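S.K.: Take a look at this one; I'll ask things after.
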Amino acid sequence: MNDIIIKSGILVNPGGEMSGEHDIYIKNGYVVGIDEDNTKLNSPIIIDAQDCIVCPGLIDLSVRFREPGLEKEATIISESHAAVSSGVTTVCYMPDTQPVIDTPAQIKLVEEIFSSVGLCNVKVLAALTKGLDGERLSPMMELKEAGAVGLTNCLNPIKDSLVLRRAMEYASGQDITVFYQPQNNYLANNGCVHEGKIATKLGLPGIPSAAESAAVAEAILLMKLTGVKLHLCRISCLESLMIIRNAQAEGIRVTADVAIHQLFFDENSINNFNSDFHVMPPFRANEDMVALQKSISENTLTAICSDHQPHNKDAKQAPFYNTQPGISSIELLLPLLMELVNLNFLDLNTAISKVTINPAKILGIEAGIIQKDSQADLCILKKEEWQLEGDKIISSGKNNPYIGKKFNMVVAKTIFKGQIVYENN
Amino acid sequence: MNEKDDMGIKNKELNQQNIVSQQHLRHFLDIEYLPKSLILDILDLAESFAGVSGQPVKKVPLLRGKTIVNLFFESSTRTRTTFELAAKRLSADILNINLDYSATKKGETLLDTLRNLQAMHCDMFIVRHPSSGAAEFISKNVLQNISVINAGDGRHAHPTQAMLDIFTIRKYFSDFTKIKVAIVGDILHSRVARSLMHALRILEVPDVRVIAPKTLLPIGIEDMGATSYVNMDEGIKNCNVVIMLRLQNERMNSSFIPNEHEYYNLYGFTPRRLDLLAKNGIVMHPGPVNRGVEISSEVADGDRSVILQQVSNGIAVRMAILSLSMQP
């Protein structure tokens, strides 16, 4: 294992004390010093990071790498390569694999595959209900002891408010965070797009914003009732934002995240039945997207994630309603985030916090920070114009609506456990 | 993304998809982006074909040697039969395939079904499918020499029905810019309503109304150029044309409306309501008619009703569309 010195990079490190231009010394997988080489490095690789940004490795709050069970779509190895190409060194793994992650053995299996691939960390969110059936509670404490950092039912419906209450109550007792993706499935009524002018024009069944915001309100009320630690996943509309903001103003410690694509597209994108824009929750009205963009600099939306969902070609090759929802874009998480900075929606430091220290705090893990003795997971970004070409996509999922988009920052290197796991050529 | 630019690109794209030149269609998927002149050309051509059905030999040789496939993933009698007759009167060979998802049940994807049919060297697909956007999807996945005609996709579009409706309207009202048209019933689930609204907008009909209980009026329908009414008497007042839509029985079970009786009272075309129309007003219905649910028998069979003329006109209009869309 080679030691590394990153020289003269501009450290953007919202969770840590050090920022600005520094040299970083890495030995045996850990940061051993900033500026002062206090240990003797063993023939180190010297990376000249002059004019580059150095930030902690990203933590992506929602990924699906499809393994086990759906390897025809993607694998942990294929998607780990995509992840590190975007500076992501920790991924939060969703339990809706086949079989569902609802036993300690399933968690171990996923962790072992990641560990043998060795490109990035995994943190598993296990199933909130057995088999994600929305009715029977999963063995929460066993899952926690096996390494689950939280529980979620993904977008699978929870049978009724009573089951949700009990799940939250039980999780609260075991001090486990519930990651709840708010959607009232009665109101969603098998829709596939936002209930708005595009749904009306194209004749596609719509999901009203109220399907989400009503579930947000309910979850926050049940959080107050049960005392559970609650994180709301994939917020997509204005009303949800208002409810969360009000709750936070009252002192309720609810957190929330947004999928990065919600900050770039609205319902108008699917005007041509383009199944690449079939996502769940759906792209909402323009005013919803604008509201998300405007509030992304605040703390209402605590984190930004890729909501990475790779699909094989067949999944998107059908009439819109019959296609699978989801976008494969983990490899663009950091370039897209830089684009948001470029568009002045948030400053660089806040942007990096939404994908490093904030998700680390939500997950309750030690990561997302560069400091002495922290694991050396970091990313070096440099200024360079580039354009996404379809045949250069690393992920197995080519369901990527950003093909042709231009970016002005590129990930130069990603370091995981003190090793260079990605280098841009 | 800039919405306006996006729409602009999309308009162009769709125009290219639908139209090769004014006299020739690549596919016939939707009315939304057709130019007014082309719509009028289709109506004029249909006018000339209308005579064919009255002749002792009901055939013209325009599409001799061409093979057309009626590819229906959803059941239909009227639309499928009139397309079949239209194709036969143009001397094409026509193949009826009713899939009703049967192939899909066996695991075959829509794309594979298409590839198999393409391998049989067909020239045109007339497609009906329960998913919105299916016709457009199919048109993007067929060989260059195959045309796709949309015979109804989900709730999205039923452009040939809209064309035959405006053809029928033109028989009674030669100037579209002077009429009031109301569409009554299940607007939410209706592809006919959507295509009609596009057609009426392009033909510059100044007053288009949609009338339904709020549960069956989709959000933002006004953006499509119509005024919405919940009260039918107000909505049909002084209209020259009222188009009644079929109410599917399952709408009652999913709590869109309380029951048939209340629906009939509020939105059924009863004889009393005839007096509310303009004095030359006509009543239309794309069929199949639910007597006593959305329309009374007296009205459906009365002298203001043009429902059966719509069916006859359907053949001529579809002949026009088939002949304009067939690739040389």
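The values are calculated or read from the model by the stated rules, or taken from the named source; none is laboratory data. Fair warning: this is a prediction, and the values are worked out from it, not measured in the lab. Cβ sites come from the backbone with ideal geometry, for glycine too, and all protein chains shown count toward neighbours.
S.K.: Out of the residues in the stretch A:67-82 meeting the condition of being in a loop (DSSP other than H, G, I, E, B) and in contact with a Pro (Cβ under 8 Å, 6 or more places away or on another chain), tell me which one is surrounded by the fewest Cβ atoms within 10 Å (Cβ to Cβ).
M.R.: A:G69
S.K.: While we're on this one: Name the residue that is farthest from the other protein chains (Cβ to nearest Cβ), counting only residues in the stretch A:242-271 that are over 18 Å from the mean Cα position of the chain (by Cα) and buried (at least 20 other Cβ atoms within 10 Å of the Cβ).
M.R.: Of everything passing the filter in the stretch A:242-271, A:A247 is farthest from the other protein chains (Cβ to nearest Cβ).
S.K.: Still on this structure, please answer the following. Would you please name the residue that is nearest to A:L241 (Cα to Cα), looking only at residues in the stretch A:178-213 that are more than 10 Å from chain B (Cβ to nearest Cβ) and of a type in the set (G, A, S)?
M.R.: A:S213
S.K.: So if I check each of B:S131, B:S195, which one is surrounded by 24 or more Cβ atoms within 10 Å (Cβ to Cβ) and modelled with pLDDT under 95?
M.R.: B:S131
S.K.: If I go through the stretch B:131-187 residue by residue, how many of them are in a helix (DSSP H, G or I) and away from chain A (no Cβ under 12 Å)?
M.R.: Qualifying residue count for the region: 17.
S.K.: Read through the list (1) surrounded by fewer than 24 Cβ atoms within 10 Å (Cβ to Cβ); (2) touching a Leu at 6+ places or on another chain (Cβ under 9 Å); (3) at pLDDT 95 or above; (4) not acidic (D, E), then give the number of the only condition that B:F173 fails.
M.R.: Unmet condition: (2).
S.K.: Further, regarding this structure: Conditions: (1) buried (at least 18 other Cβ atoms within 10 Å of the Cβ); (2) modelled with pLDDT of 95 or more; (3) not in a helix (DSSP H, G or I). A:G147 meets all but one. Number of the miss?
M.R.: Answer for A:G147: the failing condition is (1).
S.K.: Right, here's the next one. Going by the structure shown, is A:V193 more than 30 Å from B:P159 (Cβ to Cβ), crowded, with 18+ Cβ neighbours inside 10 Å and either β-branched (V, I, T) or over 23 Å from the mean Cα position of the chain (by Cα) (or both)?
M.R.: Answer is no for this residue.
S.K.: In this structure, does B:S255 turn out to be among the hydroxyl-bearing types (S, T, Y), closer than 20 Å to B:L276 by Cα and assigned by TED's automatic domain parsing to the domain that holds B:V181?
M.R.: no
S.K.: Then there is this: Tell me yes or no: at least one residue of the stretch B:238-258 is of a type in the set (F, W, Y) and either more than 14 Å from chain A (Cβ to nearest Cβ) or under 18 Å from B:S296 (Cβ atoms) (or both).
M.R.: no
S.K.: Now for a different question. Mind listing just one residue for me: the one in the stretch A:83-114 that is part of a loop (DSSP other than H, G, I, E, B) and among the acidic types (D, E) and, of those, farthest from A:G131 (Cα to Cα)?
M.R.: Restricting to residues being part of a loop (DSSP other than H, G, I, E, B) and among the acidic types (D, E), the top hit is A:D96.
Conditions (1) over 25 Å from B:N249 (Cβ atoms); (2) in contact with a Ser or Thr (Cβ under 8 Å, 6 or more places away or on another chain), marked per residue:
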{"residue": "B:G133", "(1), (2)": "yes, no"}
{"residue": "B:A151", "(1), (2)": "no, yes"}
{"residue": "B:G154", "(1), (2)": "no, yes"}
{"residue": "B:T177", "(1), (2)": "yes, no"}
{"residue": "B:A193", "(1), (2)": "no, no"}
{"residue": "B:K214", "(1), (2)": "no, no"}
